[in-house]
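Input: a single structure, listed below in structure tokens.
The values are calculated or read from the model by the stated rules, or taken from the named source; none is laboratory data. All figures in this text were calculated on a predicted structure; none of them were measured in a lab. Here the Cβ is made from the backbone with ideal geometry for all residues, glycine too, and neighbour counts use every protein chain on show. Accessible surface is based on the protein model in full, side chains and every heavy atom, while ligands, DNA and RNA are left aside. Shrake-Rupley method; radii C 1.70, N 1.55, O 1.52, S 1.80 Å.
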Amino acid sequence: MQFHKTLLAFVPAGFLIAAEILPDHRPAPVPNQVIAHEWGTFTSVAARAGYQLRWAPFSGSPDLPCFVSRLGPHRFKYFAGGSIRMETPVIYFYSQKPTTLSVHVDFPHGWITEWYPKATNVWPTLDALASVAPLVDGKIGWAQVKVQPGADPVYRTTTGGSHYFAARNTDAAPLQVEDQQEKLIFYRGIGNFLVPLRPKFNEQGEVVIANAMAEPIAFAMLFENHGGRIGYRIVRDISETTQIAPPELASEAGEIHKKLEDALTEAGLYRKEALAMVETWKDSWFEEGTRLFYLAPRSLVDAELPLQIKPAPTEVARVFVGRIEMLSPWMESEIRTSLTSGNVPALAKFGRFLDPFLQQIALRDPGLVWSSAAQRYVKLANDAVNNPAATASCVN
């Protein structure tokens, strides 16, 4: 707690460049200027009291194309003890002239687990995992990123579902790293650090959101999807503690997407970047369940994920969405019923978050009797997380 109150000072966003307005309403960079924009997600799970849980943040279905580099197999036991899944940060570059940059990212409380294009250096390496302290001192770097405005490269593609390709739909300049062409720098990771918000349900079923940082949280959205019916409530400028009622489940998906896109552009992204981020994650962000989204303060992003680009860009925007999964009363009731009755499809829809939800239920009711079908399903799911041979390493 004290770490955040003392270290995380407010960092102002970039500045406005006067120039013609392009189709996505972004200002055009002037000669010899380079603009860098980044977006990403910090995903965590809240305990019943609001603080974050340790879970298996590297679990879940593989959702990346086979050309993406990986620290190791899609799932393995080293990754079972984190509290944060850092999902799909991407960095875009804008320039009127070709230029070459070096890009370096530190992750002091985590590891980098996936990336593309080829990185010059990544730490820890797969061979070093057994000898390094868990989830500390991660880093990755690209020594020569060639920014090539006006180029028209052919990017690699694959068939099958992926959370990768939608991120290309921007006006960013094409990049070349060694022999690989891409529209962005992509990386992911897992870690352990404190998120600023602690949401919990009170006895009246309302959500109490406490801010553990000294800095206000500018935007948060409480979202719920219950059986396909969805709703949301927006809260702004959370300084200490705020209390809100659960959302009415009468909203349309497009309305919610637009609210988040607007918040992302207000935070510093170009409109096409905001659209690309929502398009990338809309199937996951708005799946069944209850969750709190928030815009992570720039100071938190810079402290937990220091970024160095040389030569330094004229402007750097870093917009990260925090996602906190919550076990709401109706979810707990449904999971309990499914455990005793053996309703495996109902359990499966909670996906990678089922295990931390089960942890919370077991703490409250350790004597709950599970059906044999539920026991088999949970055992198979846990085996898949800890056995790297259980899942193919990439999407083809």
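Among the residues in the stretch 65-76, are any within 19 Å of residue 323 (Cβ to Cβ), open to solvent by less than 10 Å² (accessible area, probe 1.4 Å) and touching a Ser or Thr at 6+ places or on another chain (Cβ under 9 Å)?
Within the stretch 65-76 (the criterion being within 19 Å of residue 323 (Cβ to Cβ), open to solvent by less than 10 Å² (accessible area, probe 1.4 Å) and touching a Ser or Thr at 6+ places or on another chain (Cβ under 9 Å)), the answer is no, since none of the residues qualifies.
When you look at residue 248, is it surrounded by fewer than 20 Cβ atoms within 10 Å (Cβ to Cβ), out of contact with any Ser or Thr (no Cβ under 9 Å at 6 or more places or on another chain) and not hydrophobic (A, V, I, L, M, F, W, C), yes or no?
So residue 248 fits the description; yes.
Look through 67, 58 and report the one residue that is touching a Cys at 6+ places or on another chain (Cβ under 9 Å), in contact (Cβ under 8 Å) with a residue 60 or more places away in the chain and not in a strand (DSSP E or B).
Selected residue: 67, the only one of 67, 58 that is touching a Cys at 6+ places or on another chain (Cβ under 9 Å), in contact (Cβ under 8 Å) with a residue 60 or more places away in the chain and not in a strand (DSSP E or B).
Here is a list of conditions, (1) part of a strand (DSSP E or B); (2) open to solvent by 20 Å² or more (accessible area, probe 1.4 Å); (3) at pLDDT below 95, and residue 189 meets all of them except one; can you say which number that is?
(2)
Based on what the data block shows, is residue 150 part of a loop (DSSP other than H, G, I, E, B), closer than 30 Å to residue 32 by Cβ and either open to solvent by 30 Å² or more (accessible area, probe 1.4 Å) or in contact (Cβ under 8 Å) with a residue 40 or more places away in the chain (or both)?
Against the criterion (part of a loop (DSSP other than H, G, I, E, B), closer than 30 Å to residue 32 by Cβ and either open to solvent by 30 Å² or more (accessible area, probe 1.4 Å) or in contact (Cβ under 8 Å) with a residue 40 or more places away in the chain (or both)), residue 150 qualifies.
May I ask you to verify whether residue 259 is surrounded by 12 or more Cβ atoms within 10 Å (Cβ to Cβ), more than 28 Å from residue 331 (Cα to Cα) and basic (Lys, Arg)?
no
Looking at the stretch 99-119, which of the residues that are farther than 10 Å from residue 69 by Cβ and outside any strand (DSSP E or B) is most open to solvent (accessible area, probe 1.4 Å)?
In this case the residue turns out to be 109.
May I ask you to list the residues in the stretch 232-245 that are in contact (Cβ under 8 Å) with a residue 24 or more places away in the chain and open to solvent by 80 Å² or more (accessible area, probe 1.4 Å)?
Across the stretch 232-245, the qualifying residues are 240, 241, 243.
With respect to residue 141, is the statement that it is open to solvent by 10 Å² or more (accessible area, probe 1.4 Å) and under 27 Å from residue 58 (Cβ atoms) true?
Spelling it out, it is not the case that residue 141 is open to solvent by 10 Å² or more (accessible area, probe 1.4 Å) and under 27 Å from residue 58 (Cβ atoms).
Restricting to the stretch 153-172, give me the number of residues that are among the aliphatic types (A, V, I, L, M), surrounded by 19 or more Cβ atoms within 10 Å (Cβ to Cβ) and in a loop (DSSP other than H, G, I, E, B).
Within the stretch 153-172, residues that are among the aliphatic types (A, V, I, L, M), surrounded by 19 or more Cβ atoms within 10 Å (Cβ to Cβ) and in a loop (DSSP other than H, G, I, E, B) number 1.
Exactly one of these conditions fails for residue 53: (1) open to solvent by less than 20 Å² (accessible area, probe 1.4 Å); (2) modelled with pLDDT of 80 or more; (3) aliphatic (A, V, I, L, M). Give me its number.
Going through (1) open to solvent by less than 20 Å² (accessible area, probe 1.4 Å); (2) modelled with pLDDT of 80 or more; (3) aliphatic (A, V, I, L, M) one by one, residue 53 breaks only (1).
For the stretch 207-226, enumerate the residues that are open to solvent by 60 Å² or more (accessible area, probe 1.4 Å) and either at pLDDT below 95 or of a type in the set (A, V, I, L, M) (or both).
Hit for the stretch 207-226 is 214, nothing else.
Would you pick out the residues in the stretch 282-323 that are open to solvent by less than 30 Å² (accessible area, probe 1.4 Å), closer than 23 Å to residue 138 by Cα, assigned to a strand (DSSP E or B) and of a type in the set (Val, Ile, Thr)?
309, 319, 321
State all residues of the stretch 335-359 that are of a type outside the set (A, V, I, L, M, F, W, C) and surrounded by fewer than 20 Cβ atoms within 10 Å (Cβ to Cβ); if no residue qualifies, say none.
336, 337, 340, 341, 342, 343, 345, 349, 351, 355, 359
When you check residue 364 against the structure, is it within 24 Å of residue 209 (Cβ to Cβ) and at pLDDT 95 or above, yes or no? Full working, then the answer.
Details: within 24 Å of residue 209 (Cβ to Cβ): yes; at pLDDT 95 or above: no.
In short, no.
Go through (1) modelled with pLDDT of 95 or more; (2) within 22 Å of the chain's Cα centre (by Cα); (3) buried (at least 23 other Cβ atoms within 10 Å of the Cβ) and name the single condition residue 175 misses.
(2) is the only condition that residue 175 fails.
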